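*Asks:* Sharing a structure here in structure tokens format.
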Amino acid sequence: MVRAAPVLRGGLTARAAWLVAGLFLCACGILCFLEARLGLPPWDVLHQGIARHTPLSFGVANECVSVAVLLLAWRLGARIGAGTVANAALIGGFIALIQPWHVLHDLSEWPLAGRAGLLALGLVFFGVGSAFYIGAALGAGPRDSLMLVGSLRSGARIGAVRACIEVSALAAGVLLGGTVGVGTVAFAALIGPTVEGSFWLISRSRLHT
């Protein structure tokens, strides 16, 4: 049972390296979901729904929701740091860097079983990447900050809090007309346990302080 993130060993340079590595893995997870073509993650369903009902583009809706979630997390007592800014800047940058690679273009043409495996790999990337970048203790991104402060204030497990947040975002997105697929449901149901499991493994490894 996990109710707090692990803290990784090392000074500022080492923790900065963990932060960047974790965000790179999160970017890889997003690309796995995109190329699997089995449904958007819940928050992107919400962004799509908002874009359909407002003058905002998908990208601008993403930014507006991020700011709103960050303000909510901050009001609840979340710690905002360099990792919060890095989350917003580096994940998109890594995606822009990796996405043009020709090897990725063939992944969406894989048979269903292969794309399902790609989706599962994306979940693993998300879980491990979240544990690394949050464990660097330099500040979590907006949604992860809300997850952590929600667990702290409620006393509930991190996995349960994350699942509730994802399901809430998904429900709002569906009501607004966002597109849902099997990958959406898988992400909403499994990202919480995946992140919590990654926290548990790291907290019992030599990487933990």
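*Asks:* If I model a spin label as a point 7 Å beyond the Cα along the Cα-Cβ vector, how far apart are those points for residue 206 and residue 71 in nm?
*Replies:* So the two model labels end up 4.7 nm from each other.
*Asks:* Moving to a separate point now. For the chain, what is the charge dipole size about the Cα centre, in debye to the nearest 20, if Lys and Arg each add +1 at the Cβ and Asp and Glu each add -1 at the Cβ? Could the numbers behind the result be given before it?
*Replies:* Numbers: 14 positive and 8 negative charges, 154 e Å.
Dipole of the chain, to the nearest 20 debye: 740 debye.
*Asks:* Next up: Of 108, 167, 90, which is farthest along the charge dipole of segment 12-203 in the positive direction, counting Lys and Arg as +1 and Asp and Glu as -1 at C-beta?
*Replies:* My answer, from the dipole projection, is 167.
*Asks:* Consider all pairwise Cα distances in the chain and report the whole-number % of them above 26 Å.
*Replies:* Numbers: 6666 of 21736 pairs.
Percentage above 26 Å: 31.
*Asks:* In what sequence, highest mean first, do 45-54, 124-133, 90-99, 19-28 appear when ranked by Cβ atoms within 10 angstrom?
*Replies:* Highest mean packing first, the order is 124-133, 19-28, 45-54, 90-99.
*Asks:* Within the chain, which complete DSSP H helices have Cα atoms spanning at least 30 Å along the helix axis and a mean Kyte-Doolittle hydropathy of -1.0 or higher?
*Replies:* Flagged H segments are 12-36, 112-135, 182-203.
*Asks:* Now, a different point. Under the rule of -39500 (n - 2.57) per DSSP H run of 4 or more residues, summed and divided by the residues of the chain, what mean residue ellipticity at 222 nm is obtained, to the nearest 500 deg cm²/dmol?
*Replies:* -24500 deg cm²/dmol
*Asks:* Can you give the three extents of the C-alpha atoms in segment 49-109 along their principal axes, from longest to shortest, in whole Å?
*Replies:* 44, 32, 16
*Asks:* Residue 185 to residue 12: FRET efficiency via 1/(1 + (r/R0)^6), r the Cβ-Cβ distance, R0 30 Å, to the nearest 0.05?
*Replies:* Once the sixth-power term is evaluated, E becomes 0.15.
Here, each number is a calculation from the coordinates, and none is a lab measurement. It should be emphasised that the depicted structure is a prediction, and the values quoted were computed from it without experimental measurement. Backbone-built Cβ (ideal geometry, glycine too); neighbour counts: all protein chains shown.
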